[in-house]
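The values are calculated or read from the model by the stated rules, or taken from the named source; none is laboratory data. Computed from a predicted model, the values in this text were never measured in an experiment. Cβ: placed from backbone, ideal geometry, glycine included. Neighbour counts: every protein chain shown. For accessibility, only protein heavy atoms count, side chains too; no ligands or nucleic acids. Shrake-Rupley method; radii C 1.70, N 1.55, O 1.52, S 1.80 Å.
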Amino acid sequence: MLKIKHTICPTCSVGCGLNIISKNKKIVGINSYKDHSINEGRNCNNCTDNINLFINNKIKQSTDYTSLIDDVTKILKDNKDVTILTSGKTDNVDLDRLMEFTKKHDYTLLAYENNFNKTDANIIASYDDISNANYIITIGDIYRENALIGRRIIHAKKNNCYTININKTKNLTGYNSDKFIKINSYDEIPSILEHEKIDENAILIINKIDSTDNYNKIIEYVENNKLKILPLPKYPNSYSVLHHVKSTSINEIISKINDSDVIIFTDINLTNFMKNDIFNNKIIISFDTLNTTNESSFQIPVKAWYEKNGSFTNSMGITQRFNDTICDNDNQLKTIAQVIDEIDGKL
């Protein structure tokens, strides 16, 4: 029998609602959550593509946790230089437990958030601010990569909002803006903003940046000119992670990996961004919700968001709870927090 349950989309940091359709305790599809205040019954292709990953690549539910946890505990007892790498794919419950665990054992906890950094809540624009804006500057391709925010921009344009898009290449957002500014480097953005004499009520929306330094320069411009900004990091809980964990660049992470004996990935595969030889002679432990191809020494399967209760905090700082949409009492998978609890109890 088909079941339909409400949840929050885990694809990006916008925080759209969606319905999971399940049959025999497995996802078979999704449909729109029409009463959700953020997306009002619409979901983008990114959401659909993400759900298809879970339909096609979900790890098997049966696993021998006892042996895995015993092996990992022994590794952690024998090695003190441990680095844990997380991201906004980790929900608030798991994030809180990771922070407690690393502090207790004097491990290093780092986050990779695609060069975004913690942003003062006072300067973050709300989604309604976007809809009602009269001047919007976008950095990156918002229409294609964050379609539901793109929809808010379209609402604003219907009320004569003036829009500028800044990007390295002409893109869907640029084609639909009043002005497109091509850049060769993100270093150019602060001077472009100064040159444009941006309206004092302008809102900046950004979903891509090449370095934390350049992001910080944009934030400084926004603060100095008393503007608002809406950063759109890649993952659903990036807001929380950026407010609690040091955000680091790939180069900083590589440096830390070189100094560590054990690397723990929490549902993020940074081997996609780095050469595999960086991990030579390193013990890699990964917590995974999907079948991945990283170079893990130990792969620990954990529950996906639709199999548990938790919360994400979206780009404008609003925390939304999600619930187990499958309700499978036979599911033996654990959450990251539950696995950490068991490891911690044995250390």
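Is it true that TYR239 is in a helix (DSSP H, G or I), open to solvent by less than 20 Å² (accessible area, probe 1.4 Å), at pLDDT 95 or above and of a type in the set (Phe, Trp, Tyr)?
Working: in a helix (DSSP H, G or I): yes; open to solvent by less than 20 Å² (accessible area, probe 1.4 Å): no; at pLDDT 95 or above: yes; of a type in the set (Phe, Trp, Tyr): yes.
Considered against the rule, which asks whether it is in a helix (DSSP H, G or I), open to solvent by less than 20 Å² (accessible area, probe 1.4 Å), at pLDDT 95 or above and of a type in the set (Phe, Trp, Tyr), TYR239 comes out as no.
Just checking, does region 55-66 include any residue being touching a Pro at 6+ places or on another chain (Cβ under 7 Å) and more than 20 Å from THR335 (Cβ to Cβ)? Please lay out each step first, then the result.
Initial filter on region 55-66 (touching a Pro at 6+ places or on another chain (Cβ under 7 Å)): 59, 63.
Adding the requirement that they be more than 20 Å from THR335 (Cβ to Cβ) leaves none.
No; the residues of region 55-66 include none that is touching a Pro at 6+ places or on another chain (Cβ under 7 Å) and more than 20 Å from THR335 (Cβ to Cβ).
Just checking, which of VAL241, VAL222 is under 26 Å from ILE336 (Cα atoms) and either touching a residue at least 12 places away in the same chain (Cβ under 8 Å) or basic (Lys, Arg) (or both)?
The unique qualifying residue is VAL241.
Of all residues in region 133-156, which are open to solvent by less than 60 Å² (accessible area, probe 1.4 Å) and part of a helix (DSSP H, G or I)?
To start, the set of residues in region 133-156 that are open to solvent by less than 60 Å² (accessible area, probe 1.4 Å) comprises 133, 135-143, 146-153, 156.
Passing the criteria: ILE142, TYR143, ALA147, LEU148, ILE149, GLY150, ARG151, ARG152, ILE153, ALA156.
With the requirement that a residue be among the charged types (D, E, K, R) and buried (at least 20 other Cβ atoms within 10 Å of the Cβ), what does region 98-132 give you?
Restricting attention to region 98-132, the residues satisfying the condition of being among the charged types (D, E, K, R) are 100, 103-104, 106, 113, 118, 120, 128-129.
GLU113 - this is the single residue of region 98-132 that is among the charged types (D, E, K, R) and buried (at least 20 other Cβ atoms within 10 Å of the Cβ).
Every residue, every condition in (1) part of a strand (DSSP E or B); (2) in contact with a strand residue (DSSP E or B) (Cβ under 8 Å, 6 or more places away or on another chain); (3) at pLDDT 90 or above, yes or no:
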position	(1), (2), (3)
ILE278	no, no, no
ILE285	yes, yes, yes
THR293	no, no, no
GLN320	yes, yes, yes
GLN332	no, no, no
ILE340	no, no, yes
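How many of the residues in region 103-132 are more than 28 Å from ASN50 (Cβ to Cβ), polar (S, T, N, Q) and not in a loop (DSSP other than H, G, I, E, B)? Step through it out loud before you land on a result.
Step one: filter region 103-132 for residues more than 28 Å from ASN50 (Cβ to Cβ), giving 103-108, 120, 122-123, 132.
Okay, now just the ones that are also polar (S, T, N, Q), so 108, 122, 132.
Checking which are not in a loop (DSSP other than H, G, I, E, B) leaves us with 108, 122.
Result for region 103-132: 2.
Go through region 39-55 and report how many residues are part of a loop (DSSP other than H, G, I, E, B) and crowded, with 21+ Cβ neighbours inside 10 Å.
Total meeting the criteria: 3.
Would region 251-267 turn up any residue that is among the aliphatic types (A, V, I, L, M), buried (at least 18 other Cβ atoms within 10 Å of the Cβ) and under 23 Å from ALA125 (Cβ atoms)? Outline the logic, then answer.
Initial filter on region 251-267 (among the aliphatic types (A, V, I, L, M)): 253-254, 257, 262-264.
Among the residues that remain, those that are also buried (at least 18 other Cβ atoms within 10 Å of the Cβ) are: 253, 257, 262-264.
Now restrict to residues that are under 23 Å from ALA125 (Cβ atoms): none.
Looking through region 251-267, none of the residues is among the aliphatic types (A, V, I, L, M), buried (at least 18 other Cβ atoms within 10 Å of the Cβ) and under 23 Å from ALA125 (Cβ atoms).
So in region 1-29, with the set limited to residues that are in a strand (DSSP E or B) and exposed (fewer than 15 other Cβ atoms within 10 Å of the Cβ), which one is modelled with the lowest pLDDT?
Of all residues in region 1-29, those in a strand (DSSP E or B) come to 2-8, 17-23, 26-29.
Now drop any that are not exposed (fewer than 15 other Cβ atoms within 10 Å of the Cβ), which leaves 2, 4, 6, 23, 26, 28.
On the way: LEU2: 87, ILE4: 90, HIS6: 93, LYS23: 86, LYS26: 83, VAL28: 86.
Ranking the qualifying residues of region 1-29, first place goes to LYS26.
Which condition from (1) open to solvent by less than 60 Å² (accessible area, probe 1.4 Å); (2) in contact with a Leu (Cβ under 6 Å, 6 or more places away or on another chain); (3) more than 18 Å from ILE285 (Cα to Cα) is the one that ASN92 breaks?
For ASN92, the failing item is (2).
For region 182-224, enumerate the residues that are hydrophobic (A, V, I, L, M, F, W, C) and in a loop (DSSP other than H, G, I, E, B). Talk me through it step by step, then tell me what you get.
Initially, region 182-224 is screened for residues hydrophobic (A, V, I, L, M, F, W, C), giving 183, 189, 192-193, 198, 202-206, 209, 218-219, 222.
Correct list: ILE183, ILE198, ALA202, ILE209.
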